[in-house]
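We did not get these values from a lab; they are worked out from the coordinates using the rules stated. Every value quoted in this text rests on a predicted model; they were computed, and no experiment measured them. No Cβ is skipped: glycine too gets one built from the backbone with ideal geometry, and neighbour counts run over all protein chains shown.
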Amino acid sequence: MSLSPSAHPHGVKTVIVPAAGLGTRFLPATKTVPKELLPVVDTPGIELIAEEANALGASRLALIVAPNKQEVLRHFEHFPDLVETLSERGKTDQVEKVQRAGKLMTPVAVEQEKPLGLGHAVGLAESVLDDDEDVVAVMLPDDLVLPMGVLEKMAAVRAQLGGSVLCAVDVPREDVFNYGVFDIKDIPADCGLDSEDVKRVVGMVEKPDPEDAPSTFVATGRYLLDRGIFDALRRTQPGKGGEIQLTDAIETMIQEGHKVHIVVHRGKRHDLGNPVGYIPACVDFGLSHPQYGPALRRAITEILAEHEAAETSAGE
Ligand code: UTP
């Protein structure tokens, strides 16, 4: 399917969503349930990503899945029997919920046979691109970047400065060892962009020790990558953890003179990839939920009071 670039308001036709990782931080749940299907209140992370891709105006969701994670794709199917049963029972709200994912995006499956790394997973998506695509978006389903719309900002920076644009958040220095960290410099003051939130990237290092980190700006799961990334990935050897790292391929591009900028996201971010990020995301979405919010607030207040009382009596 070749769609004209004008059909894409931000110039992005394809969003690559790598979802073939092992999800070890969610074992034992991820023995049978892909982490991308774990619900944030009632909606799986993968559907929230599809919503973001839809809002960006992309027309293709290249979903990278492992052979044993086909259920992630199934989430976008139509479920006619379930829809019929719910319709017969007059449950129109639930019908809408069942149909929503499929209406947002129709994924194209790309199989990653072995979890050889995020870079390897992204590289596989080249096979589904059209010849006229000079840029792709990558959205990691582990990361919720809120409010939605950061890729639109990144596309505006690419339109002005060219090259690739990545999303960054500013984290405490002691946390940088978990991330890809940017070495940055300021953009020219007269380029018409906000120099607080847009920086030129001169290097990138994966999971450094805090004392070696070139900055506290770290990669979060949104990338707008020039098509040249696929060539760089083909030349990338396994790095940290024996995996082919996307960070290493981006670093190659930078060293070869490719322009890379970051847009610093100052809003909220939830890391759904581990319990300590996933649970707060559920609480955050739950508290904002019109139906569940008030009861959840009471429950959390009660639980906190119980824990505080237990801690006080243990300390006495
Ligand atoms: P992570 O390293 O955070 O996810 O990869 P993981 O490997 O699934 O999780 P843990 O560390 O074992 O708990 C970031 C993203 O890249 C995808 C993952 O699915 C996740 O969305 N990924 C990672 C792949 O698609 N393939 C890979 O080989 C590795």
Quick check: is even one residue across segment 181-204 within 15 Å of the ligand (Cβ to nearest atom) and of a type outside the set (Gly, Ala, Ser)?
no
Residue match in segment 14-34 (condition: part of a helix (DSSP H, G or I) and away from the ligand (no atom under 15 Å from the Cβ))
no
Leu246 - would you say it is under 22 Å from Val202 (Cβ atoms), within 16 Å of the ligand (Cβ to nearest atom), more than 18 Å from the chain's Cα centre (by Cα) and aliphatic (A, V, I, L, M)?
no
With respect to Arg266, is the statement that it is buried (at least 21 other Cβ atoms within 10 Å of the Cβ) and among the basic types (Lys, Arg) true?
no
Return only the number of the condition from (1) crowded, with 19+ Cβ neighbours inside 10 Å; (2) more than 16 Å from the chain's Cα centre (by Cα); (3) within 16 Å of the ligand (Cβ to nearest atom) that His10 does not satisfy.
(3)
Condition met for Thr220 (closer than 24 Å to Lys268 by Cα, free of Cβ contacts under 8 Å to residues at least 60 places away in the same chain and crowded, with 18+ Cβ neighbours inside 10 Å)
no
Tally up the residues in segment 148-165 that are surrounded by 15 or more Cβ atoms within 10 Å (Cβ to Cβ) and among the small types (Gly, Ala, Ser), please.
4
Test result for Val65, under 16 Å from the mean Cα position of the chain (by Cα) and within 13 Å of Asp142 (Cα to Cα)
no
Looking at (1) away from the ligand (no atom under 12 Å from the Cβ); (2) among the basic types (Lys, Arg); (3) within 18 Å of the chain's Cα centre (by Cα), find the lone condition where Arg89 falls short.
(3)
Residue, farthest from the ligand (Cβ to nearest atom), within segment 123-133, restricted to residues that are aliphatic (A, V, I, L, M) and touching a helix residue (DSSP H, G or I) at 6+ places or on another chain (Cβ under 9 Å)
Leu129
Out of everything in segment 111-122 that is farther than 12 Å from Leu63 by Cα and assigned to a helix (DSSP H, G or I), what residue ends up being farthest from the ligand (Cβ to nearest atom)?
Gly119
Taking the options Val136, Val108, Val145, name whichever one is in contact (Cβ under 8 Å) with a residue 24 or more places away in the chain, surrounded by fewer than 20 Cβ atoms within 10 Å (Cβ to Cβ), outside any helix (DSSP H, G or I) and within 16 Å of the ligand (Cβ to nearest atom).
Val108
Name the residue, out of Ala53, Ala125, that is within 19 Å of Leu233 (Cα to Cα), of a type in the set (A, V, I, L, M, F, W, C) and under 16 Å from the mean Cα position of the chain (by Cα).
Ala125
Go over the candidates Leu124, Leu82, Leu129, Leu56 one by one and state the one that is surrounded by fewer than 16 Cβ atoms within 10 Å (Cβ to Cβ) and over 25 Å from Leu287 (Cα atoms).
Leu82
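Taking the residues in segment 249-267 that are over 27 Å from Pro147 (Cα atoms) and touching a helix residue (DSSP H, G or I) at 6+ places or on another chain (Cβ under 7 Å) as candidates, determine which candidate is nearest to the ligand (Cβ to nearest atom).
Selected residue: Ala249.
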